[in-house]
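In what follows, a structure is listed as structure tokens, so that the remarks can point back to it.
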Amino acid sequence: MKYIVINIFMLCVCLSSCRQASVFKLEADVHTNEYDSLYIYMIRPDVIFRENDQKLDSALIRNGRFSFECQVNGEPFVVKLALPPKDDHFMYGLPECNCIVETGEIKLDYTSLGVRLEGGMLNQQYDDRLLALNREIKKRNNVIVAERDSVEKSRTLNPEEMSAFNQRIGALYNELKPAHVRFVFDYIGTEVGAFFFFFYPENYYPADIYANLLALVGENYRCKAELKKEKDKEAVEHWRESVELTEIGNVYRDFICRDLAGKEVKLSDYVHPGHVTMVDFWASWCVPCVQELSFLKSLYQTYHGQGLDIVSVSLDTKRSAWEAAVKKHQIPWPQISDLKGWHGTITKNYAISAIPFIIVIDQKGKIAVRNLHDYKLENAIKELLAAKNK
């Protein structure tokens, strides 16, 4: 009986030890109070489809420090530490960084040259072999930039000189590639290795090295990578078709949104025969879009009575921000949005990669202007309205 009790006790000790040994602890020092009271997220990136990243936890930054702790179940994996976007769009100055969730106590230090990791077998390897080299390259990069800036204080660099500086900087970062490849080869059979392998696009690697690594990576990642490649090809083809379908002279493409009242509407609800219709793609967070509003208002005031209509399509994702911006800037024309931002189909169907973006539809429902601004936009509108009166 005594023997059984002792063995049970030893088993409990072992289990307790195992539990303690399977904990990941991260202590981070930001070295500034600038980000105090903000929450930083621990995000597990999907190795292939980064849009499927998962938020695992959040931590409050206090006195320039934050920490995470979690159980390690299964093999180690990479996480991204990042602040959420400022005002839902603009980024804070604290850079995103990666670390590896593994058993152990990890220290993360934000330095002027990049992050430094200490502790844990994989994190220490990651720092020793990649991050340390990246910090050294950043240091040498700063010397070259300082040299360039010093010259520019006295004169303007000619294109050849600027190109020479850029080549020197590019050569520095090319030094990372061999170290990255060796690191990936050493861990290619793990999720960590797969993450770093697919972190860069295929053309980052020499063709033979990419083929070797692809053959060694887990089959599930290989299959997903092939699926992603097909989806990327489809997206490129869809974009090419959208460019062709929305060229000047083609009939505009209709789409479904909701207005500020939440009612489902179509773009065609605002396009009337005999009228010229300007479609303004914008967002509350887009500074150039907001700056352009005063000019658009003057166009509306001047030409609305002559047959110019305007409808704005917002790329906001939060109704409250959208509504507040419309109210603040007192925009008099109709407002619509699907509140999907860049993730919806509207921008893809019109091949829009940046805003503000404007199209103008003529009296017959055909695209007459694609992304003109300022006086060129006004001149085009005047010509369209004048053609109606001839």
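The values are calculated or read from the model by the stated rules, or taken from the named source; none is laboratory data. Bear in mind the structure is a predicted one, so any value in this text is a computation, not a measurement. Glycine also receives a Cβ, built like all others from the backbone with ideal geometry; neighbour counts cover every protein chain displayed. Heads up: the accessible areas ignore ligands, DNA and RNA and are worked out on the full protein's heavy atoms, side chains in. Shrake-Rupley method; radii C 1.70, N 1.55, O 1.52, S 1.80 Å.
Each eigenvalue of the Cα gyration tensor of region 247-390, multiplied by 5 and square-rooted, gives one semi-axis; in descending order these are 23, 17, 14 Å. Taking a straight line from the alpha carbon of Lys86, these aspartates and glutamates sit under 20 Å away, with near neighbours fewer than eight places off in the same chain left out: Glu34, Asp36, Glu51, Asp53, Asp57, Glu96, Asp316, Glu323.
With the whole protein complex present, Asp232 retains an accessible surface near 70 Å², based on a 1.4 Å probe. For the chain, a simple Cβ point-charge model (Lys and Arg +1, Asp and Glu -1, everything else neutral) yields a dipole of about 480 debye relative to the Cα centre. Solvent-accessible surface (1.4 Å probe) assigned to Leu293 amounts to roughly 10 Å². Please report the spacing between the Cα centers of region 43-65 and region 252-287 in Å, no decimals. Between the Cα centre of region 43-65 and that of region 252-287, the gap is 35 Å.
Computed over region 118-272, the Cα gyration tensor eigenvalues convert (square root of 5λ each) into semi-axes of 41, 30, 17 Å, ordered from largest to smallest. Put simply, the Cα atoms of region 186-304 extend 67, 30, 30 Å along their principal axes, the longest span coming first.
Roughly how many percent of the accessible protein surface of region 115-261 is carbon and sulfur, given a 1.4 Å probe and a whole-percent answer? The computed percentage sits at 55. Mind running the shape call on region 271-314? Use the C-alpha gyration tensor, a ≥ b ≥ c as the square roots of the eigenvalues: rounded below 1.5 for a/c, prolate if a/b tops b/c, oblate otherwise. Oblate, because a/c is 1.5 or more while a/b does not exceed b/c. Remark: the chain projects, on average over all directions, an area of 28.8 nm² (convex hull of Cα atoms). Shape index of region 37-171: Rg/Rh, with Rg the Cα radius of gyration and Rh the Kirkwood radius from the inverse mean 1/r over Cα pairs, equals 1.06. Applying a DSSP loop filter and a limit of 10 other Cβ atoms within 10 Å to the trypsin sites (Lys or Arg not before Pro) in region 87-193 leaves Arg155. Structural descriptor for region 328-374: relative contact order 21 percent, calculated from alpha carbon pairs under 8 angstrom and at least 6 residues apart. Here is how the number arises for the chain: DSSP H runs of 4 or more residues each give -39500 (n - 2.57), the sum is divided by the residue count, and the result at 222 nm is -14000 deg cm²/dmol. Annotation: extensible slack from Ala211 through Ser320 equals 34.4 nm (criterion: 0.36 nm per residue apart, minus Cα-Cα distance). With loop membership from DSSP and a limit of 14 other Cβ atoms within 10 Å, the longest segment of the chain without GluC sites (Glu not before Pro) is 248-390. Using every pair of distinct Cα positions in region 303-380, the Kirkwood expression returns a hydrodynamic radius of 14.0 angstrom. Once the 1.4 Å probe is applied to the protein heavy atoms, region 73-215 comes out at 53 Å² accessible per residue.
Each label was represented as a point 7 Å from its Cα along the Cα-to-Cβ direction; for Tyr173 and Glu264 these points are 4.6 nm apart.
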